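First the structure, in the form of structure tokens, and then the observations on it.
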Amino acid sequence: MRKRWIALLAAWLGCFAQAQPPPPGYGSLEFAPPPPGTYTLPSLGAAADGTVLDSTGTVRRLHEFLGGGRATVLSFIYTTCSDAAGCPLATFVLHRLARRIADEPGLGRRVRFVSLSFDPEHDTPEVMATYGLAYQVPGIDWAFLTTPSPDALRPILDAYGQRIEPEVDETGAETGGIAHLLRVYLIDPQRRIRNIYSVAFLHPDLLINDLLTVLDGPAEGGAAPAWHPGSMVLGPGDVKAGYERPDYTTRSTALAARRGRPADLLAYVREPPLGLPPVPVPADNPVTPEKVALGRKLFFDRRLSLNDTFSCAMCHIPEQGFTNNELATAVGIEGRTVRRNAPTVLNTAYLERLFHDGREYRLEQQIWGPLLARNEMGNPSVGYVIEKIRGLPDYEGLFEAAFGGRGPDMLTIGQAIASYERTLNAADSPFDRWRYGGDEHALSAEAQAGYTLFVGKAGCAGCHTIGERWALFTDQQLHNTGIGYAASMDIPLAPREVLIAPGVKLTVDPEVLEAVSEPPPNDIGLYEITLDPADRWKYKTPSLRNVALTAPYMHDGSLATLEAVIDYYDRGGIPNEGLDPRIRPLGLTEGEKRALVAFLESLTGANVETLVLDAFAAPVGDVGAQRQVPVRR
């Protein structure tokens, strides 16, 4: 690394030796750049694809490193370049930018750096891997790529308007270098080029403002953007990535930094994102702006719980896939244990049965279960909730405006919350753009292989169905997968590795864990509703849309990762007399498992962040507001 920085310094000093001022990227800007979001960066066209090699030598597609919910800064370099206004400048500026981004909590997860070599004959994957070591910044994804050959490189360079020629000396002899004009490309999460930087304009101060503008877009009236670094993070606010390393440091996001931006949620009902069918809206509860706004307010209002501390959104956390990534099973008011995992509310408009055991059939009715459950929101009765809302001054007139003069009651409260939940439709994923949008480059080769396994050898599509025009990834049925049986029969799945401090792990036998844990409540699934022995341990097939955002998995949250889920089904589940016959040992290779994960990760909708930002803009309820709940004796 020291040698690399010495080379950069030498290149910079070379400018002075040639009596030329160094490019702006090596120093400070002489002007203040416009604040992010106060300007627009129109699309300059689609970012091209091509065949590349990653630093392990694996054949990939360039599009695998573009999009996926991130903005990308793409540079073309070669490792032996010594031109101070060329590759060293690009790498120097990007490294400064990477360090800036790393200092902004959450922003690093929304940006990727890609450096692709001009010189595949010299810059092998091994060379690029070694070169890239000097510039890696913790928390920053920076890929150093090459191509299999000059023939594979040429169409990529042509598509990006990058011309290269052999360098020659004053005698016309080739020096072994490559002559080129520096170009760095800013590419948005939809794989559109939004800016191209030359020597005169490549500077980290300009790049970071452009990145923020592209990631969130300009706010209305040219004001500063609603989103700012650290507020738009998908996942827990205190991400524990790297906790297993002794050098772990927290990068928690302050709640005060969260700022939202309201969205036109009805657009996702009028025209669902690509890959989803028309939204089923009941005739007795048409979706209106007034109902959606009221339902959104109720969903995030902590005052709907008995002690004013707990809202629907505290189990269905927007930035955690509208579920809870940090808890296997939910926790209600006063820390009361809930025996099942909090399911996502994304795309619940399409579900024919609700709750893990399928006991409800309409969103309008579903809400009353959590409102009245002692271990969830804890309200003693329907009437208590209604009278409480009637006593809150900030709800005055809202129900009447939404329901034609009708105030809060059991029906209108359910209809309002259902109307908001009916708008939370997230699709237009890379898979959707590939299968239903006709974009053959939208899905990586590995994810396409995963799709083939999903509908073929692995048999996943038998329950997580895919249609010709759209896909809900659920058959709307309930199945015995063995997970519930194992818990009821007290069959331990395996010894568990417990991380007790950064870098300190212990493997703990299930018997030891059981000795220090509260026994989990029994859970027999659909049987508890039907009392039919054939329904023991049956649970609803969840949709797999946005599944990469909704860990942990299964009805009890017992499988923490997608890899763990695939391993479980690969083993054939837990045998029992009611096990669904489609569950069987699969014999997957490690490569096939990785391909399945890649496919599942491709199911994240392009509009999830819009829904999360809208949620961040919702009020959470003023617990200091006066209220009176009459107690009738």
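Axis angle, to the nearest 10 degrees, between helix 590-601 and the longest C-alpha principal axis of the chain: 70 degrees.
Annotation: amide H-H contacts under 5 Å for Val508 (H modelled 1.01 Å from N, sequence separation of 5 or more, or interchain): Arg496, Glu497, Val498.
Gyration tensor analysis over the Cα atoms of the chain returns equivalent ellipsoid semi-axes of 48, 30, 23 Å (largest first, whole Å). For the listed peptides 551-558, 581-588, a ranking on the average number of other beta carbons within 10 Å per residue, highest first, reads 551-558, 581-588. Across the chain, C-alpha contacts under 8 Å between residues 6 or more apart give a mean separation that, scaled by the residue count, equals a relative contact order of 15 percent.
Taking Cα atoms only, the orientation of helix 410-421 departs from the longest principal axis of the chain by about 20 degrees. The convex hull of the Cα atoms of the range 267-426, projected and averaged over all directions, covers 9.2 nm². In terms of overall dimensions, the range 2-222 has a Cα radius of gyration and Dmax of 17.1, 59 angstrom. In order along the range 62-68, the Karplus-derived 3J(HN,Hα) couplings, from 6.51 cos²θ - 1.76 cosθ + 1.60 at θ = phi - 60°, round to 4, 5, 5, 9, 10, x, x Hz, and Gly and Pro are given as x.
The dipole here belongs to the chain: it is taken about the Cα centre, uses +1 on the Cβ of Lys and Arg and -1 on the Cβ of Asp and Glu, and is about 1220 debye.
Taking amide H as placed 1.01 Å from N in the peptide plane, the amide H of Tyr539 sits under 5 Å from that of His479, Asn480, Thr481, each at least 5 places away or on another chain.
Scanning residues 5 or more positions from Arg194 or on other chains, those with amide H under 5 Å from its amide H are Leu44, Leu186, Ile187, Asp188, with H placed 1.01 Å from N in the peptide plane.
In the chain, the longest principal axis of the Cα atoms and the axis of helix 2-17 are about 50 degrees apart.
Take each peptide in 608-616, 27-35, count the other Cβ atoms within 10 Å of every residue, and average; sorted highest first, the result is 608-616, 27-35. Quick one: what are the phi-derived ³J(HN,Hα) couplings along the range 557-571, Karplus 6.51/-1.76/1.60 with θ = phi - 60°, whole Hz, x for glycine and proline? These are the phi-based 3J(HN,Hα) values: x, 7, 10, 7, 9, 4, 4, 5, 5, 5, 4, 4, 6, 5, 6 Hz. For the cross-link pairs Lys505/Lys538; Lys291/Lys538; Lys291/Lys388; Lys457/Lys540; Lys505/Lys593; Lys540/Lys593, the ones whose C-alpha atoms lie over 30 Å apart are Lys505/Lys538; Lys291/Lys538.
No lab work stands behind these numbers, since they all come straight from the coordinates. What you are looking at is a predicted structure, and each value in this text was computed from that prediction instead of being measured. All Cβ positions, glycine included, derive from the backbone under ideal geometry; neighbour counts span all protein chains shown.
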